[in-house]
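The values are calculated or read from the model by the stated rules, or taken from the named source; none is laboratory data. Given the structure is predicted, the values throughout are model-derived calculations rather than measurements. Positions of Cβ are backbone-derived with ideal geometry, glycine not excepted, and every protein chain shown enters the neighbour counts. The protein model used for the area step is the full one, side chains on, heavy atoms only, and it has no ligands, DNA or RNA in it. Shrake-Rupley method; radii C 1.70, N 1.55, O 1.52, S 1.80 Å.
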Amino acid sequence: MDFNQPEPLKKAVFIIFATLCCDLFSIGLEAQNQRLDSLKQAYQVATSDTSKVILLNDIALQYRYISEDTTLFFARKAHLLAKEKDLTKGLAFSYYCLGVGYHLKGNFDSATYFYEQSEVLAKEVNDLRRLSAVLNNVGLIFWNKGEYPKALDRFQQSLVIDEQLGNLKDQAAALNNIGLIYNNIGDHELALEHFQRSMDIWRQFDNKFSLAQLLNNIGLIQTKLKLFDKALQNYRKSIVYSLESDAYCHQAYPLVGISRVMYATNQLDSVVYYSERTLELLESCSEIKIMATAYNLLGKAQRKKGRIAEANATLVKAFRLSTQLGAREDIGTAAKELHLLHKEKGDFRKALYYSEIQMAMQDSIRSEDKIMALARLEARHQAEKEKQQLLADQEKEKLIFESKIKKEKASKYYLAGGLIGLLIFGMIYFRLYRVNKKGVLLLAEKNHTIRQINKSLIKLNNFKEGLTHMIAHDMKNALNAVVNLSQGRPDKQKMNSIARSGYLALNLVINMLDVQKFEETKIKPIKKRHQLNDLLRDAIEQVGVLLKIKNIQVSHNAEERTMVRLDSDLITRVLVNLLTNAIKYSPVNSAVKIDVQCVASSSHRLHIAVTDQGPGISPESIDHVFEKYWQGPQKPSGHAASTGLGLAFCKLAVEAHGGEIDVQSQQGKGSTFTITLPDAEIIPEAHEQEVKKIVSNLELPSLTQAEKDMLQKKLLELQALKVYQVTRLDNILEQLNTSTAIEAWKIRITEVMYNGDQETFSRILQDLQDQISQMPRL
């Protein structure tokens, strides 16, 4: 390929590639639809149960890249039929399809469970092809989790079976996966060996895209080993194969590889050339990670060539992009170069700033390298263990063979012995018969035990599926709102609504987790001072989507300046759960009332009552409403389901505060849930008014040098997070000592954090960094 071709010609080439990709995609979809139609027609006319099970599973797999839910639907249908007709091979196939469906949905625990069931049955019926596929997919799950030794073990088992069956393409895929594992744990020689074996197979099928990927992987390892000439050859071949296979964007990877080689050999003009070509290519692609690397290489070359202004702009882009991606190695590289650049310019303050970032990234990478080293040792230990096991198996086979020879010789002596030999043979036969009979009885007993275990597992699985079904119904409205609001042009109102819907769905999941933690006494309330109106407003905003759907009005009588001391996270979620429950059981166009009373006695007690206009709770059910997973006979308005965990969480959270929760209800007249919190201190809000007055100004207050030093230590941690990572952001803000100015910054950051406003969040942190940078450090 000529990288100096005119710009219009390059654009024309790109348009041709894009058109070819679209045509190929359309052809693939058409072929897939034809295949589905053919399978469905065959299923309609199938007469045998075995054929129906196979066809249902094939249909499930055809849907795996179209709709995971449809894959699971047909897989369950196949599973039920195979189980009813006791078709073990079909049952193994259906378990595999269920695993694939959950795997693609990202539910790795469920996927692993179904894969393991498929593995057991595939071994039982000696279905080696199914067993190989299961082992490969389980290996991918372990790889995704970073459990490299376990992933390597599954891929190697899959490879052995594929070699036994003679499946060349599956062998090539397994070899490539093993090579990637070895590369991840730093064992480059073994990685190269497996990549080369995979390439030898793909050459037989002329699979150019797979060859392009493997050549780039090999070039990357050769660059690390300083085999620069060989690396350049493989990078250039990878570019050619990428273009021949219509993978236009993939050539960005070998282009960056060439830039690395040129930088390592101090060919700076070539580094600039290839890095700029990579960035031009990535303007029409979505490979953001490789873009950060390209900016780093270009900036390093520009700095060495003395083009300081260009290098500074390029490296800042690399730093910001890699920070956005959380790519520690690229962050460290950009920080190191910016440190050297500002040091050469004499700007020691900025040089020190980037030096601290570089050291932080180096410490993080060193920790990861230690983990990789341990993984590498474990992988080698596993390989040695397998080798020893193979030798032991060979020795065992040798002993068995020698034993067989001895038995054959003994048989000849028995025959020669006549009657005595026959008598001895009869005695041996009788003893073997008794042993075999005993083995049959033992096997029958074990089969009975296995069936009992299977029944328990099926019962547990049915419970899990039922619970999942209930949770899915509860989350449906919130997720529908997220999907609908994400259509069209985004604006701040939509983003806020999406955030509230997300919090509503997240609340359902956290209920499940925290109920278990409360029961194990792992959660203790952290009581702080809060304005009650803020808690009520936050809770009402979080259920805003449900209120809008049913057009329900919420009112409360809390006084404007009521301040309380409690754990805001827990009590806000209690209020959200009570409001959610009230909305579910209230009719459309009705109202929900929140009544607040503070009773003064020896200590203040705060009463918060939530009243709905629903159907009420029957007398026989009212004693059970706070039990975990309990569901009453009353049906929520709108046919919503309930996990039965919301009220259980409320009871545990309120009691953890030393309070009480109660319910009063009359059928046909609605229900009132009341929480009572002891020691609800009424506190003047003079300090809050002072801070709010400062925050209301257009500009946030100036900081003293001591405050800047304190904030600078936490600024990098804040910049590494996104606005939706609320818990981690809260933890960082809580670590800051309180002063009027710092409190103003904290309130402003918290406000945009809970509004989900990423743009304003980033701008505030940038303003904070600029103010810190303005005053020189002593």
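Worth a mention:
- The numbered conditions (1) polar (S, T, N, Q); (2) in contact with a Ser or Thr (Cβ under 6 Å, 6 or more places away or on another chain); (3) open to solvent by 40 Å² or more (accessible area, probe 1.4 Å) are all true for residue 176 except (3).
- All told, residue 508 falls short of being modelled with pLDDT of 85 or more and either surrounded by 14 or more Cβ atoms within 10 Å (Cβ to Cβ) or aliphatic (A, V, I, L, M) (or both).
- Selection count, region 93-122, where residues are within 29 Å of residue 185 (Cβ to Cβ), open to solvent by 20 Å² or more (accessible area, probe 1.4 Å) and part of a helix (DSSP H, G or I): 11
- The single residue among 2, 86, 69 that is modelled with pLDDT of 90 or more, out of contact with any Cys (no Cβ under 9 Å at 6 or more places or on another chain) and either part of a loop (DSSP other than H, G, I, E, B) or closer than 30 Å to residue 272 by Cβ (or both) turns out to be 86.
- Unique residue being in a helix (DSSP H, G or I), open to solvent by 80 Å² or more (accessible area, probe 1.4 Å), at pLDDT below 80 and charged (D, E, K, R) when the list is 759, 690, 699: 690
- Residue match in region 207-227 (condition: aliphatic (A, V, I, L, M) and either surrounded by fewer than 15 Cβ atoms within 10 Å (Cβ to Cβ) or on the phi > 0 side of the Ramachandran plot (or both)): yes
- For residue 271, the conditions (1) more than 32 Å from the chain's Cα centre (by Cα); (2) open to solvent by less than 40 Å² (accessible area, probe 1.4 Å); (3) more than 24 Å from residue 336 (Cα to Cα) all hold with the exception of (3).
- Considering region 179-198, the residues that are of a type outside the set (A, V, I, L, M, F, W, C) and closer than 23 Å to residue 133 by Cβ include one that is most open to solvent (accessible area, probe 1.4 Å), namely 197.
- Filtered by the rule that a residue be farther than 26 Å from residue 106 by Cα, crowded, with 16+ Cβ neighbours inside 10 Å and not basic (Lys, Arg), region 35-81 gives 39, 43, 81.
- Set 283, 276, 337, 344: member being surrounded by fewer than 21 Cβ atoms within 10 Å (Cβ to Cβ), within 27 Å of residue 356 (Cα to Cα) and among the acidic types (Asp, Glu): 344
- Counting only helices (runs of 4 or more DSSP H) that fall entirely inside region 224-297 and contain at least 1 residues that are farther than 27 Å from residue 320 by Cβ and touching a residue at least 24 places away in the same chain (Cβ under 8 Å), the qualifying elements are 228-244.
- Only one entry of 144, 136 meets the criterion of being open to solvent by 20 Å² or more (accessible area, probe 1.4 Å) and touching a residue at least 40 places away in the same chain (Cβ under 8 Å), and that entry is 136.
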